[in-house]
Every structure is written in structure tokens, then in C-alpha cells.
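The values are calculated or read from the model by the stated rules, or taken from the named source; none is laboratory data. Small disclaimer: the values here were computed from a predicted structure and weren't measured. For neighbour counting, all protein chains shown are included, and Cβ atoms are generated from backbone atoms with ideal geometry for every residue, glycine included. Protein only, heavy atoms only, side chains kept; ligands, DNA and RNA dropped before computing areas. Shrake-Rupley method; radii C 1.70, N 1.55, O 1.52, S 1.80 Å.
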Amino acid sequence: SPRHLRAFWQIPLYVKRSVVRHVAGLAKPRESMQWWSATLRSTDFTEGLMRRRVVVLTNLFPFPEDRTRGIFNLQQFESLAEHHDLLVVVPVPFMQWKPHYASVRSMGRLKVRYFRFFYPPGFARSLHEGFLWRSLRLQSFTEIKLFSPHCMVGCWLYPDGVTAARIARVLGIPLVLK
């Protein structure tokens, strides 16, 4: 459950040891699970955490015409949005682009920005990251800077993750690759 999320360094050592014992099979399953569930119920893992602004770059996310595309990312980001402010930036291939995609949308707690991704179709896949970076710089980079994020998340290693790394480097913020 998202309300039990906590940074690794904030989890008490006795909880970490219990998890290790459980995973390694050193604890009796019934005892371990009872103790673990009691610990989770009695501990507020969200206490002391502040809301962060997070920018997510992903090409697997629902489009207005295709609501089932990347639904797993939508569910993960909605859970994350309970504790943080999220701006989801979604590249749309220029061949699938529709003019009404250009506006920023709200999907529950998420702020979603679609932008047109220009690239040479069918060849030069190794250049897609450069094309994604240029497309994003021209259309959405100002909005990302105005959001003033604390963290950047890239959801796919190539080209999204490489482009997210460039954005994080330019903005001087940490990067998480999923």
C-alpha cells in the first residue's frame, strides 16, 4: 500500500532485519508474517515526508483515444501522486498526433502533458534519443522548468531514460530510472 512507502534509510533497522530473515527463509513464515503485518499497522511510514514535485517521462501512458495503453504506469503514478505532485510528460509519435493533445490535462491527481515526437520512422533507431530530446526542448522544456521539480523519473531505458538523464543533468536534479 502506498501509505507504507518510506525511504530506505528511514526504515528502522529491526524492520530491515526482519525482511531479510523472512526473504532468506530464516524466520518461521507464520510468525514472521504476523509480526510484519503488526509492525506495518503500528508504524506510520509517511510521517515526516514532504511532498516533492516529480517529473515523469514515459512513452507508455494512456492517450485520449487509447485509454488502455500503459495502464500499469497510470496506476503506479496515481499511487505516487497521493504523496507527491506529478507532471507526466508523454511523447506522442508525430504520425499519431492530434491537435487536441496539445493542452495540459488532469487525470485524477496527475498533470499530464503530451508533446509531439518527431523522428525518422523505420530506421536510425539509435538517433531517436536525440530527436526525443529536441522535440521535448522545443515543446515542453519550459513547462518542466516552471514546475521546478525535485526529481526526474524515466520509465524506459531508451530513449526515455537517456532523455530523462539529460533533463536531470540540465536541471541539476536526481534521476530515477524505472
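For PHE63, the conditions (1) over 15 Å from the mean Cα position of the chain (by Cα); (2) touching a residue at least 60 places away in the same chain (Cβ under 8 Å) are fulfilled apart from (2). Restricting the range 158-178 to residues that are closer than 11 Å to GLU129 by Cα and not hydrophobic (A, V, I, L, M, F, W, C) leaves a set whose member that is surrounded by the fewest Cβ atoms within 10 Å (Cβ to Cβ) is TYR158.
Scanning the range 138-147 for residues that are open to solvent by 10 Å² or more (accessible area, probe 1.4 Å) and not polar (S, T, N, Q) yields LEU138, PHE141, GLU143, LYS145, LEU146, PHE147.
Scanning the range 137-152 for residues that are of a type in the set (S, T, N, Q), touching a strand residue (DSSP E or B) at 6+ places or on another chain (Cβ under 7 Å) and part of a helix (DSSP H, G or I) gives a single hit, GLN139.
Contact map, the range 94-120: first residue at pLDDT 80 or above, second residue of a type in the set (Asp, Glu) and open to solvent by 70 Å² or more (accessible area, probe 1.4 Å), Cβ cut-off under 6 Å, separation 6 or more or different chains; pairs are GLY108/GLU78. Applying the criterion of being among the polar types (S, T, N, Q) and open to solvent by 10 Å² or more (accessible area, probe 1.4 Å) to the residues of the range 45-94, the residue that is nearest to ARG137 (Cα to Cα) is ASN59. Candidates are the residues of the range 95-137 that are open to solvent by less than 70 Å² (accessible area, probe 1.4 Å) and aromatic (Phe, Trp, Tyr); the one that is nearest to the chain's Cα centre (by Cα) is TYR114. Looking for something touching a residue at least 40 places away in the same chain (Cβ under 8 Å), in a strand (DSSP E or B) and of a type outside the set (Lys, Arg) - is there at least one such residue anywhere in the range 153-173? Checking the range 153-173: at least one residue is touching a residue at least 40 places away in the same chain (Cβ under 8 Å), in a strand (DSSP E or B) and of a type outside the set (Lys, Arg). Within the range 40-74, the set of residues being part of a loop (DSSP other than H, G, I, E, B) and modelled with pLDDT of 85 or more comprises ARG52, THR58, ASN59, LEU60, PHE61, PRO62, THR68, ARG69, GLY70.
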